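A.B. asks: Mind looking over this structure? Questions follow.
The values are calculated or read from the model by the stated rules, or taken from the named source; none is laboratory data. Computed from a prediction, not measured in an experiment: that's the story for all the values here. Here the Cβ positions follow ideal geometry from the backbone for every residue, glycine too, while neighbour counts run over all protein chains shown. With ligands, DNA and RNA removed, areas are computed over all heavy atoms of the protein, side chains included. Shrake-Rupley method; radii C 1.70, N 1.55, O 1.52, S 1.80 Å.
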Amino acid sequence: MPVIRITPQTLPAHVAIIMDGNGRWAEARGQQRAAGHRAGLEATRLAVRFFAEQGVDALTLFAFSSENWGRPQEEVEALFELFVSAIEAELPELVEGGIVLRFIGDRASFPSDLQSRMREAEQASAANDGMCLVVALGYGGRWDVMQAARRWVADGAAESEDPEGTFEDYLSTAGLPDVDLLIRTGGEHRISNFLLWQAAYAELLFIDTFWPDVTAEELKQGLAWYASRQRRFGRVMPREGGGHA
Ligand code: IPE
Ligand code: IPE
Ligand code: MG
């Protein structure tokens, strides 16, 4: 098999990850699910560092979905506490590393201390020009399309010359490129209401590893796999060249 090289041309501009498998990772060890979420934070740190070093423009991480509100209150509270402490602990290094932090999702029902930390993190990193780290909290793809549609119609943008283009300006990911590579860990083969519009043409990579066990080597293999894809976008490609491969 030819060695697939990861070059600037074959590097995804936008990687999105459904970080799944924390609970099963903990349960397999006889631990509480919250311990799995804490272990998952280590993998998150590793992934952020890895993709920033690779030079991707944007990394979007699914940390809490609209549907995750349906989990036991104890788990939801443990997650919120973890988010607050993680933002506090990680922010200085992220800012130092040039990362721009952005949160997407419906944050209105979050505890006020979490909302404050999110706002502070966005403000503290807004002037940076490195990788955009998007954390999806209270996020659902349907919520995103609905909130965009409401404002798009209210602004009269539906009447513009480029309605699809203007619609994208109302999505929570406005200004970011479409998702090129969507990775889901934990063995499930589904989107779970993640970036429904933005991942319309993403390459989908499903891996069995539980999120806390993910390694940089595995992420690197993911990039190599992406580099080997021929992206056709509905067109017919010539036999030679075309796409990445
Ligand atoms: C993903 O891991 C993290 C969140 C949804 C917050 P899970 O908690 O879904 O882990 P599993 O899928 O139950 O193993
Ligand atoms: C998706 O994982 C949400 C996050 C990773 C934050 P879930 O574990 O909530 O998804 P389902 O329930 O298996 O579809
Ligand atoms: Mg899960």
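A.B. asks: Can you give me the number of residues within the stretch 177-212 that are under 11 Å from the mean Cα position of the chain (by Cα), among the aliphatic types (A, V, I, L, M) and within 13 Å of ligand 2 (Cβ to nearest atom)?
C.D. replies: 3
A.B. asks: Sort out for me the strands (runs of 3 or more DSSP E) sitting completely within the stretch 1-115 that have 2 or more residues that are open to solvent by less than 40 Å² (accessible area, probe 1.4 Å), closer than 21 Å to Asn193 by Cβ and near ligand 1 (Cβ under 10 Å from one of its atoms). Even if it seems obvious, please write down each step before you answer.
C.D. replies: Working: elements: 14-18, 58-65, 100-104.
So the answer is 58-65.
A.B. asks: Any chance the stretch 163-185 includes a residue that's assigned to a loop (DSSP other than H, G, I, E, B) and within 16 Å of ligand 3 (Cβ to nearest atom)?
C.D. replies: Taking the stretch 163-185 first, the residues assigned to a loop (DSSP other than H, G, I, E, B) are 169-180, 185.
Restricting the remaining residues to those that are within 16 Å of ligand 3 (Cβ to nearest atom) gives 185.
Yes.
A.B. asks: Separate question: Checking Tyr201 against (1) open to solvent by 70 Å² or more (accessible area, probe 1.4 Å); (2) on the phi > 0 side of the Ramachandran plot; (3) among the hydroxyl-bearing types (Ser, Thr, Tyr), only one condition comes out false. Which one?
C.D. replies: That leaves (2) as the condition not met.
A.B. asks: Take the residues in the stretch 5-18 that are touching a strand residue (DSSP E or B) at 6+ places or on another chain (Cβ under 6 Å) and among the hydrophobic types (A, V, I, L, M, F, W, C), then tell me which one is farthest from Ala174 (Cα to Cα).
C.D. replies: Ile18
A.B. asks: When you look at Leu205, is it in contact with a strand residue (DSSP E or B) (Cβ under 8 Å, 6 or more places away or on another chain), in a loop (DSSP other than H, G, I, E, B) and not small (Gly, Ala, Ser), yes or no? Break it down into steps so the answer makes sense when it comes.
C.D. replies: Values: in contact with a strand residue (DSSP E or B) (Cβ under 8 Å, 6 or more places away or on another chain): yes; in a loop (DSSP other than H, G, I, E, B): no; not small (Gly, Ala, Ser): yes.
So Leu205 fails the test.
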